[in-house]
1. Only one of these conditions is not met by A:K189: (1) farther than 30 Å from A:M517 by Cα; (2) open to solvent by 20 Å² or more (accessible area, probe 1.4 Å). Which number is it?
2. If the requirement is being farther than 25 Å from A:D236 by Cα and either open to solvent by 80 Å² or more (accessible area, probe 1.4 Å) or at pLDDT 85 or above (or both), which of these qualifies: B:L128, B:L28?
3. Considering only the stretch A:436-443, I want to know if a residue exists there that is over 23 Å from A:G359 (Cβ atoms) and not in a loop (DSSP other than H, G, I, E, B).
4. Filter the stretch A:278-304 for residues that are under 24 Å from the mean Cα position of the chain (by Cα) and part of a loop (DSSP other than H, G, I, E, B); which is farthest from the other protein chains (Cβ to nearest Cβ)?
Amino acid sequence: MSSMPEKNYLTEKRGLKSWLLTLDHKRIGVMYLIGISISFALGGIFALLIRLELLNPGRDIVGAQTYNQLFTLHGAVMIFLFIIPGIPAALGNFVLPLMLGAKDVAFPRLNLASWYIYVFGALLAVVSIFTGSVDTGWTFYTPYSTQTSGAVVTMTLAAFILGFSSIFTGLNFIVTIHKLRAPGMTWFKMPLFVWSLYATAIIQVLATPVLGITLVLLILERVLGMGIFDPAMGGDPVLFQHFFWFYSHPAVYIMILPAMGIISELISTFSHKRIFGYRAIAFSSFGIAFISFLVWGHHMFTSGQSELASMIFSFLTFFVAIPSGIKVFNWLATLYKGSISLDTPMLYALSFLFLFAIGGLTGMFLATTATDIHLHDTYFVVAHFHYVMFGGTVIAFLGGLHFWWPKIWGRMYNENWAKISALLVFVGFNVTFISQFIMGIKGMPRRYYTYLDQYHRMHGFSTIGSWIMGLGFFIMVVYLVHSIYKGRPAGSNPWGSLTMEWETTSPPPTENFAGDMKLTHGPYDYDKIVPRTD
Amino acid sequence: MIESTMINRNSHHHIAPLWLYLAIGGALLVLTAVTITVSYIDLGGWNIVVALVIASIKGSLVAMFFMHLYYDKKIYTIVIVMGLLFLSIFISLTMFDTGRRGDIYEIKSEPIKPEADFYKELPPADSLDQTGHSEH
Ligand SMILES: [Cu+2]
């Protein structure tokens, strides 16, 4: 049994100040992890309240106005505070320099600045909850968002500020990947998670400014009465949707690409086999990133957008399926004849394959204009979106969290409880959202406060599913926090993985590695070497 | 290690001769004059095309020489061109919408009024079965 290293980044300096002023990417990653966990808990509570309200038609626990605010907050908090910074800023921050064999990111101060900006934006979002709250949905569509009495300006300002945090992280990662790779680590010897973070960073830097512009235009119209989106003043409300989705569709890939990177690591590590189609997986990330900028109009098929534009956007949207399919088939080929061990991170990776396949394929229904006319703004869209974002990104995030948890804290969590929790999350998620697919096909509109009797049973299923998921997450919090204090020491490479972060102690020392790192083998050379586990 | 390479690169900075700056400045003034002159000639839709082409040339001159893009590493040019490329994607795809609304199907946006003609042509409500379909 291995023991904990005496000197590591967690213990070398102590006290709150040493954390708040740290430039260590690992500590900043942990601080991000705390930030996004709180946000996730907050967004999750909103979700549970929404589902509880929808248990029966009519009023259960809150009024219609509060309900509108709840689903807006659920969306805004989960998107801007949890899922966008989730994988890159928390896990990526911790792992990226370790994977490259570097001592830190390229700009440690910028890294800390991005965390403070994130916290500031998050606080502003909380302020908006207490100053009237927003009831527009997370999409802030005009003309409603320029007319409602809610705290639209505060919330959009928060999203504006959070955007800068995202841009800083992206810039930092691009430069880090270009400049700080260990000697011998050529581009095609980088772990695939690094490739996916690179593709993500490009989207963050290119697309996020457009979100900033959009929100500023919205604020200008709302506060100064400038006619940008209001037709009465010569504006165009559909233009808002163009602006908004030009960022927010690529943003979906800011969320899913790093998730796919994690899955590549997990599948190869736990199949103990070289990843199949390394280059195809690496390049398909860029394929997805590029196509993501050409498809935003698929959110607007029923908005009054011209038919020509709808046809073009529908056509282009189908191309997303190609690089996504390339990835999925390469993962399956990696599993084939691998010696698979079903540790908790792998359970999440396998869940991902099922859920992401459902999420991706139902996207094709929505990309088809004829079926979208029927399905738009129904629970089908809600279910599709959650299968991609929860079934894809959150599940991969949880897989990555359980994978790198022993590296972050140096201790193992209880594997049995972790498996029970993973199972509850998987089952609960499907119960919650398969019923929403069915309701959606039958015409249940999204965002409605109440519904006809015919949807009662499905809404009931969905709400019960949310409780199962809630229980799964509750168990997870307990065993993870417990493991930080009481878990058995993990050793430097508990999973027998070949990427570089496992070559240092867990938790790593402040300077990451004992000496200078040099690449001695590729990240997936399982056919050449048997990794040391301890 | 990073810092030392940065200092190295800075020391390679190119210094352009003064006459070049003056020539570019002169060219910008001339192009401004051309823009103003052309704006008095009615070219229909082409006015805006001409104005944008001249503006793009001016912008490129400033970026290339005043902002030293011409002498710098190619990567900076690529970064700027990428930004412009994505801007043009945004504008052109949006214009497929804003410029072409109602192109394929004629949109009949008559408000629905009880006295509207097509209401009178409908069969009376009690002849509809439960699914809302007419018996005929
Ligand atoms: Cu989209």
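1. (1)
2. Working: B:L128 fails: either open to solvent by 80 Å² or more (accessible area, probe 1.4 Å) or at pLDDT 85 or above (or both).
Exactly one residue qualifies, and that residue is B:L28.
3. Narrowing the stretch A:436-443 to residues over 23 Å from A:G359 (Cβ atoms): none.
No, the stretch A:436-443 contains no residue that is over 23 Å from A:G359 (Cβ atoms) and not in a loop (DSSP other than H, G, I, E, B).
4. Here is the first cut: in the stretch A:278-304, the residues under 24 Å from the mean Cα position of the chain (by Cα) are A:278-300.
Subset that is part of a loop (DSSP other than H, G, I, E, B): A:295, A:300.
On the way: A:V295: 9, A:M300: 8 Å.
Filtering first and then ranking leaves A:V295.
Yes/no matrix, rows are residues, columns are (1) within 14 Å of the ligand (Cβ to nearest atom); (2) modelled with pLDDT of 95 or more; (3) at positive phi; (4) among the small types (G, A, S):
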| position | (1), (2), (3), (4) |
| --- | --- |
| A:F286 | no, no, no, no |
| A:V295 | yes, no, no, no |
| A:S303 | yes, no, no, yes |
| A:S310 | yes, no, no, yes |
| A:V320 | yes, no, no, no |
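Conditions tested, residue by residue: (1) modelled with pLDDT of 95 or more; (2) open to solvent by 10 Å² or more (accessible area, probe 1.4 Å).
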position	(1), (2)
A:I420	yes, yes
A:L423	yes, yes
A:T432	yes, no
A:R447	no, yes
A:L452	no, yes
A:G465	yes, no
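Here's the yes/no breakdown for (1) farther than 24 Å from A:T72 by Cα; (2) open to solvent by 10 Å² or more (accessible area, probe 1.4 Å); (3) more than 14 Å from chain B (Cβ to nearest Cβ); (4) touching a Ser or Thr at 6+ places or on another chain (Cβ under 6 Å):
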| residue | (1), (2), (3), (4) |
| --- | --- |
| A:G92 | yes, no, yes, no |
| A:V95 | yes, no, yes, no |
| A:L98 | yes, no, yes, no |
| A:A102 | yes, no, no, no |
| A:P108 | yes, yes, no, no |
| A:L112 | yes, yes, yes, no |
| A:A122 | no, yes, yes, no |
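Quick grid of which residues meet (1) modelled with pLDDT under 90; (2) outside any loop (DSSP other than H, G, I, E, B); (3) within 24 Å of A:F188 (Cα to Cα):
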{"residue": "A:G491", "(1), (2), (3)": "yes, no, no"}
{"residue": "A:P494", "(1), (2), (3)": "no, no, no"}
{"residue": "A:S506", "(1), (2), (3)": "yes, no, no"}
{"residue": "A:N512", "(1), (2), (3)": "no, no, yes"}
{"residue": "A:H521", "(1), (2), (3)": "yes, no, yes"}
{"residue": "A:Y524", "(1), (2), (3)": "no, no, yes"}
{"residue": "A:T533", "(1), (2), (3)": "yes, no, no"}
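The values are calculated or read from the model by the stated rules, or taken from the named source; none is laboratory data. What you are looking at is a predicted structure, and each value in this text was computed from that prediction instead of being measured. Cβ sites come from the backbone with ideal geometry, for glycine too, and all protein chains shown count toward neighbours. Quick note on the areas: whole protein, heavy atoms, side chains included, nothing else; ligands and nucleic acids left out. Shrake-Rupley method; radii C 1.70, N 1.55, O 1.52, S 1.80 Å.
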